[in-house]
Amino acid sequence: MTKLLLSVHVLAAILAVGSIAVAASLFPRYAKQAVTDEEEERGRAAGIASFLHRVCRIYAVAGLVVPVFGIATGAQLGVLGDAWLIVSMILTAAAAFMLAMAILPNQERLLTMARQGGGAAVEGLNATASRLGMLTGVFNLLWSVVVVLMIVRPGSTTGV
């Protein structure tokens, strides 16, 4: 049973979190292009930005499987009280909070600005896109630390 739980946990992390990481990282570029590029490219860039935002939203919901199966796996292995797992859960919660409260809302804000267009929108859009790029970088860094903790497991007695 543990192998099944761990397999679902790892596959969900790769598919859901990986998809969010890529889509969220690409989003600011296409949101900016939707306003600043030539007119024929604007529609294409706006469509791509909208698609990337939809990927982030859908996979954010699908990503709930990751901590659910992670906790089930930890319980099965008897490691829920281990420091590395507790830190991983805190970082996972921080990443989820950042996605729900900062990244997705800022993506929506950028899409709205891109639809409005105009000179003032470009200036505000560039600042928001830069901030979103930074937030996405922190989100990806949090997940990178979680992955390292899952592999290294400091203090583990499994011989790793």
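The values are calculated or read from the model by the stated rules, or taken from the named source; none is laboratory data. This one's a predicted model, so the numbers in the text were calculated from it and none came from an experiment. Don't worry about glycine lacking a Cβ; one is built from the backbone with ideal geometry, like all the others, and counts go over all protein chains shown. Quick note on the areas: whole protein, heavy atoms, side chains included, nothing else; ligands and nucleic acids left out. Shrake-Rupley method; radii C 1.70, N 1.55, O 1.52, S 1.80 Å.
Return yes or no: is GLU108 touching a helix residue (DSSP H, G or I) at 6+ places or on another chain (Cβ under 9 Å), among the acidic types (Asp, Glu) and over 21 Å from SER144 (Cβ atoms)? Don't jump to the end; show me each part of the working.
Values: touching a helix residue (DSSP H, G or I) at 6+ places or on another chain (Cβ under 9 Å): yes; among the acidic types (Asp, Glu): yes; over 21 Å from SER144 (Cβ atoms): yes.
Here the answer is yes, as GLU108 does meet what is asked.
From the list ILE58, ILE86, which residue is over 16 Å from SER19 (Cα atoms) and part of a helix (DSSP H, G or I)?
Testing whether each residue is over 16 Å from SER19 (Cα atoms) and part of a helix (DSSP H, G or I) leaves just ILE86.
Condition test on TRP84, is it of a type in the set (A, V, I, L, M, F, W, C) and modelled with pLDDT under 95?
Yes: the conditions hold for TRP84.
Does the stretch 64-89 hold any residues that are in contact with a Ser or Thr (Cβ under 9 Å, 6 or more places away or on another chain) and open to solvent by 70 Å² or more (accessible area, probe 1.4 Å), and which are they?
GLN76, LEU77
Give the stretch 89-129 a look and list any residue that's farther than 30 Å from ARG153 by Cβ and among the polar types (S, T, N, Q), or say none. Spell out how you get there, then give the answer.
If we filter the stretch 89-129 for residues that are farther than 30 Å from ARG153 by Cβ, which is where we start, we get 104-129.
If the condition is that a residue be farther than 30 Å from ARG153 by Cβ and among the polar types (S, T, N, Q), then ASN106, GLN107, THR112, GLN116, ASN126, THR128 are the ones that fit.
Among the residues of the stretch 90-114, which ones are farther than 22 Å from VAL10 by Cβ, open to solvent by 50 Å² or more (accessible area, probe 1.4 Å) and of a type in the set (A, V, I, L, M)?
ALA100, MET101, listed by residue number.
Six or more apart or on different chains, Cβ under 6 Å: which pairs go from a residue in the stretch 51-63 that's over 11 Å from LEU104 (Cβ atoms) and open to solvent by less than 20 Å² (accessible area, probe 1.4 Å) to one that's in a helix (DSSP H, G or I) and among the aromatic types (Phe, Trp, Tyr)? Could you list them?
Here the result reads LEU52/PHE27, each pair linking the stretch 51-63 to a residue that is in a helix (DSSP H, G or I) and among the aromatic types (Phe, Trp, Tyr).
Can you spot a residue in the stretch 6-27 that is among the hydroxyl-bearing types (Ser, Thr, Tyr), in a helix (DSSP H, G or I) and exposed (fewer than 14 other Cβ atoms within 10 Å of the Cβ)?
Checking the stretch 6-27: at least one residue is among the hydroxyl-bearing types (Ser, Thr, Tyr), in a helix (DSSP H, G or I) and exposed (fewer than 14 other Cβ atoms within 10 Å of the Cβ).
Let me spell it out: the conditions are (1) more than 20 Å from ILE14 (Cβ to Cβ); (2) open to solvent by 60 Å² or more (accessible area, probe 1.4 Å), and GLY117 meets all of them except one. Which number is the exception?
So the condition that GLY117 fails would be (2).
In this structure, is PRO154 outside any helix (DSSP H, G or I), open to solvent by 40 Å² or more (accessible area, probe 1.4 Å) and in contact (Cβ under 8 Å) with a residue 24 or more places away in the chain? Write out each step before concluding.
Values: outside any helix (DSSP H, G or I): yes; open to solvent by 40 Å² or more (accessible area, probe 1.4 Å): yes; in contact (Cβ under 8 Å) with a residue 24 or more places away in the chain: yes.
When the stated conditions are applied, PRO154 passes them.
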